[in-house]
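Comments concern the structure below.
The values are calculated or read from the model by the stated rules, or taken from the named source; none is laboratory data. Just so it is clear, the structure is predicted and the values come from calculations on it, not from any experiment. Cβ: placed from backbone, ideal geometry, glycine included. Neighbour counts: every protein chain shown.
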Amino acid sequence: MARVLVVDDEGLMRTMVQVVCNRMGHETLMAGNIQEALRMAVDPVDVVLLDVWLPDGNGLEFQADFAHLPGSPDVVVITGNGDGDNAEAALRSGAWEFLTKPLQMRDIEQCLKQVLQVRQNRSSASDALVVDSGHILGTGQGMSRALKLLAQAAKSEVNVLLLGETGVGKELFARALFRNSARAAKPFITVDCASLPETLVESHLFGHSRGAFTGADRARDGLLLAADKGTLFLDEVGDLPQPMQGVFLRALEQRRFRPVGEVREVSSDFRLVAATNKNLELMAKENSFRSDLLYRLQGITIVIPPLRERLDEIPALAQQAIARFCLASDQTEKNLSDDTLGMLLEYAWPGNVRELIHCIQRACLASGKSDLLLPVHLPTHMRVDCVRRRMGQAAGLPGSTGGFAATAACCGFSAQEMVEQKMARQDLTGQDVAGQNPPSLREWKLQAEKAYVRQVWDLSGEDVRKAAEVAGISRGHWYELMKKISL
């Protein structure tokens, strides 16, 4: 027997789900709003039927909260407004299905049957999907989904495409995939497509015979042949020159190719893993990347979320980076001060995990023999970013000068330096640029929300659990608020 939670403000919809569940022999929990549903789901739940427009919020904004309820339920989004953008957002966030009202009982029954059947198969195969993820951290929704796909891909031979911004750890995922695959004892060959010389791409990939071109004084095997029986990792595959895409597609399909200058073909049994930070689908529409090659790459597509969406990982990643640096430099392990950790959580991390690691290394060097990393040890551009953000928030609040010195101290600046930063934001008349025109109602509401979240964050001592309790929301919802205001 499964437990189904239906969150809908329409009594008829709740009754329909209850009738269907009773007929199927399942237990039903019914709630008319989001907060009631979250309080109700104390015991594990298997499926959540979640309406979009609810009295106390947009269901899509709470999708992650419901997905992280006890039992890790599958979420089916239901709405009376068939919006394509909402459907895409829901499915990309991990929703099982996006159903549009009006619904009939057979629609609900069919959906529940499919969800519960897959959950049963998933549960019975859970032991087979355990992987050694190495140094990959993260328990958030995005990373959990990526790791599940990694486990599935490791047990198969299909091509894998890793998508994510620069620095999120695509090569780390590729190596974890290789380490957990049946080819772990064979070669792992990395090809950086962005750095391949355009005139020698074919030679590097497929090899060449002696005298095939000027400077080819002897025959060489290519990288595809070197990856025989192992894994070929094409990093930045979006930078593969267009003339080579068709040639590589044929080699990928047949696992056979002809070295430059050779008549005979050679074969290589390689498993392909590709990665890119580019939008290959958009490039395919613009004819800058072959669509047929894209379809071949997309056996399993794993999207690695950026660090700004994985705030819960930052403390562990930072401590891991500290431990590695101190071990490599034979130093006593250092610790992060609370203010420093707060700044790490505030920063947007455009360079993602790679930038975080370099930032920690720089802070460890700057701290010298001290065993505590302070805000002043962080890179200057991070401290400036923190100051500008906090000054911008303070500028929109009347009488908000009390925390001026505290903010300066937290960021490692003097009050005078903060005054100079503020003056840089003023025009020649001395009027603050941000205050020239009254804000719109939406902007005013956003500023009020920012002020509230900042106040709760400070009152709770920058503790996520306490902040969520004070605000009366879940930790997942609090993380969403932090993300929304770039905290």
Residue satisfying condition, being more than 18 Å from the chain's Cα centre (by Cα), of a type outside the set (Gly, Ala, Ser), closer than 30 Å to residue 363 by Cβ and not in a loop (DSSP other than H, G, I, E, B), within set 344, 327:
327
Search segment 128-166 for residues being farther than 13 Å from residue 299 by Cα and polar (S, T, N, Q), and hand back the single one that is modelled with the highest pLDDT.
166
Selection over segment 92-127 where residues are assigned to a loop (DSSP other than H, G, I, E, B), of a type in the set (A, V, I, L, M) and at pLDDT 75 or above yields a count of 2
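Go through segment 347-369 and count every residue that is among the small types (Gly, Ala, Ser) and assigned to a helix (DSSP H, G or I).
Going through segment 347-369 one residue at a time, the tally reaches 3.
Please determine, by comparing only the residues of segment 82-117 that are of a type outside the set (A, V, I, L, M, F, W, C) and either under 21 Å from residue 65 (Cα atoms) or in contact with a Phe, Trp or Tyr (Cβ under 7 Å, 6 or more places away or on another chain) (or both), which one is surrounded by the most Cβ atoms within 10 Å (Cβ to Cβ). Please lay out each step first, then the result.
Let us first name the residues in segment 82-117 that are of a type outside the set (A, V, I, L, M, F, W, C), namely 82-86, 88, 92-94, 97, 100-102, 104, 106-107, 109-110, 113-114, 117.
Going one step further and asking which of them are either under 21 Å from residue 65 (Cα atoms) or in contact with a Phe, Trp or Tyr (Cβ under 7 Å, 6 or more places away or on another chain) (or both), we end up with 85-86, 88, 92-94, 97.
Details: 85: 7, 86: 18, 88: 11, 92: 10, 93: 16, 94: 16, 97: 16.
Checking each candidate, the answer is 86.
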Of the numbered conditions (1) within 21 Å of residue 200 (Cβ to Cβ); (2) within 26 Å of the chain's Cα centre (by Cα); (3) not charged (D, E, K, R), residue 297 fails exactly one; give the number of that condition.
(1)
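From the list 20, 42, which residue is over 27 Å from the mean Cα position of the chain (by Cα), aliphatic (A, V, I, L, M) and surrounded by fewer than 18 Cβ atoms within 10 Å (Cβ to Cβ)? Lay out the reasoning, then the answer.
Working: 20 fails: surrounded by fewer than 18 Cβ atoms within 10 Å (Cβ to Cβ).
Among 20, 42, only 42 is over 27 Å from the mean Cα position of the chain (by Cα), aliphatic (A, V, I, L, M) and surrounded by fewer than 18 Cβ atoms within 10 Å (Cβ to Cβ).
Taking segment 190-207 as the search range and keeping residues that are among the β-branched types (Val, Ile, Thr) and surrounded by 18 or more Cβ atoms within 10 Å (Cβ to Cβ), which one is farthest from residue 242 (Cα to Cα)?
Narrowing segment 190-207 to residues among the β-branched types (Val, Ile, Thr): 190-191, 199, 201.
Keeping just the survivors that are surrounded by 18 or more Cβ atoms within 10 Å (Cβ to Cβ) gives 191, 201.
Numbers: 191: 16, 201: 11 Å.
My answer is 191.
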Pull out all pairs, ordered by first then second residue, where Cβ-Cβ is under 8 Å, the residues are six or more apart or on different chains, the first lies in segment 111-131 and is under 23 Å from residue 176 (Cα atoms), and the second is modelled with pLDDT of 50 or more and among the charged types (D, E, K, R).
128/155; 129/148; 129/155
